[in-house]
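Below is one structure, written out as structure tokens; the observations come after it.
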Amino acid sequence: MKKILVAYIMDGKAGGIDRYLLNVFEQSKGEFKIDFLTNKVRIDLKKYLEENGSNLFEVPNLNHPISQFKKIKDIIKSNNYDMVYFNISTAIMFPGVLAAKTAQVKKIIIHSHSTGFDCVNKYKRKTFEFAHKICSKFLYKFGTDFYACSKPAGEWMFPKKIVNSNQFKVINNAIDTEKFAFNPKKRISVRQKLGLENFFVIGHMGNFLYQKNHKFLIELFKQYLDFNNMAKLILVGDGPLELEIKQMAIDYKIQDKVIFAGRQSNNQDYFQAMDIFLLPSHFEGFGIVALEAQCSGLPCIISDSVPNQVAVTEKCKFISIDDKEKWVKAIIDFENYKREDGSKLLLEAGFELKNQNIKTILS
């Protein structure tokens, strides 16, 4: 059985990359022996992986690049992996890839999952972007195969000669379409549970980070309430900026209209409760959450900084986050939208998890 080392997972719940990695893991059981790298071991994730025959190794973070390099190289040499699969958001994360190259791993996959830096401070962000640009000039030399969740994510991480070559491929971020399909009965029960029966519900799902742009959501929602006071905004997720956004809702005197739902294990139910989904991200490698929303039949308004590959249904609008008036108008235009299940369209477009051939990714 082929032995594969996969980097990097956080807690298995933190975001799109974690969900993608666990989807790959679930689909590959019995086909490959897969171990994972993380910067901090979470006991519940470690237990789950070990129960399924996999190891979770803790390695230093990028604050200690030399230690990280040495630790990853030791892990690789001790376990004789046939392949190392790096899922990363920036070329600054090259030490691990270099370790695999130095350990003479035959197949080294580099998979790009982003198109920007999640950093509130614009000066730090510019510094990181400069460092990334430098590192992207040599990162590819350590890999053998190059993937991305979208072409823009590939162009962010690799030179054009790689993106335009046979070594590069876009790997769809697939979802379980049956799980996220529109369910009218579930919609009624969830809205009753949350006290939303008589409201127009605007929804967003994502961690409270600079990338996801929650400040824009609060400002936009306050503006929209001038047109429709029978509306509520539901925010599913948590993160370092959550308290700041809660305070912003209080300052705007709309706290009774905003539901901070926290992190949920049943995201699919919250999509059922919504009437429209917004994704005003500063950047996204892809934006898998928009697929989940479309699958559940929601119209979506999306930042034009998100790859348009995420639009599967016709009810997606891409608008600049510099124009709140257009966002408000788009929401109003969708107020009487007749909701229809979108799972069949996603299936036909190749975004069904069950149909994703893991062998083509890990071969």
Pairs where the first residue, in the range 111-130, is surrounded by 13 or more Cβ atoms within 10 Å (Cβ to Cβ) and the second is of a type in the set (Lys, Arg), C-beta under 6 Å, 6+ apart: 117/125; 119/125
Number of positions in the range 173-191 that are of a type in the set (Ser, Thr, Tyr) and within 21 Å of the chain's Cα centre (by Cα): 1
Residues of the range 310-359 that turn out to be under 14 Å from residue 172 (Cα atoms), assigned to a loop (DSSP other than H, G, I, E, B) and open to solvent by less than 20 Å² (accessible area, probe 1.4 Å), as a count: 1
Looking only at the range 192-244, and only at residues there that are among the small types (Gly, Ala, Ser) and surrounded by 15 or more Cβ atoms within 10 Å (Cβ to Cβ), the one that is farthest from the chain's Cα centre (by Cα): 231
Boolean, residue 189 is of a type in the set (Ser, Thr, Tyr) and either assigned to a loop (DSSP other than H, G, I, E, B) or within 24 Å of residue 307 (Cα to Cα) (or both): no
Sole exception among (1) polar (S, T, N, Q); (2) more than 24 Å from residue 31 (Cα to Cα); (3) open to solvent by 10 Å² or more (accessible area, probe 1.4 Å) for residue 79, by number: (2)
Residue ID - modelled with the lowest pLDDT, chosen from residues in the range 103-162 that are among the aliphatic types (A, V, I, L, M) and under 22 Å from the mean Cα position of the chain (by Cα): 120
Answer residue from the range 292-304, given it is of a type outside the set (Ser, Thr, Tyr) and not in a helix (DSSP H, G or I) and is nearest to the chain's Cα centre (by Cα) among those: 302
Residue list for the range 301-319, filter: over 18 Å from residue 114 (Cα atoms) and among the acidic types (Asp, Glu): 314
Which numbered condition residue 43 misses (of (1) out of contact with any strand residue (DSSP E or B) (no Cβ under 6 Å at 6 or more places or on another chain); (2) of a type in the set (A, V, I, L, M); (3) buried (at least 20 other Cβ atoms within 10 Å of the Cβ)): (3)
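Yes or no, residue by residue, for (1) farther than 20 Å from residue 361 by Cβ; (2) under 18 Å from the mean Cα position of the chain (by Cα); (3) of a type in the set (A, V, I, L, M, F, W, C):
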| residue | (1), (2), (3) |
| --- | --- |
| 8 | no, yes, no |
| 13 | yes, yes, no |
| 18 | no, yes, no |
| 31 | no, no, no |
| 48 | yes, no, no |
| 60 | yes, no, no |
| 75 | yes, no, yes |
Among residues of the range 253-291, those that are open to solvent by 10 Å² or more (accessible area, probe 1.4 Å), closer than 25 Å to residue 185 by Cα and assigned to a helix (DSSP H, G or I), counted: 7
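The values are calculated or read from the model by the stated rules, or taken from the named source; none is laboratory data. None of the values given here were measured: they were computed from a predicted structure. Virtual Cβ from ideal backbone geometry, glycine too; neighbours counted across all protein chains shown. Areas reflect the complete protein model, heavy atoms only, side chains present, ligands, DNA and RNA absent. Shrake-Rupley method; radii C 1.70, N 1.55, O 1.52, S 1.80 Å.
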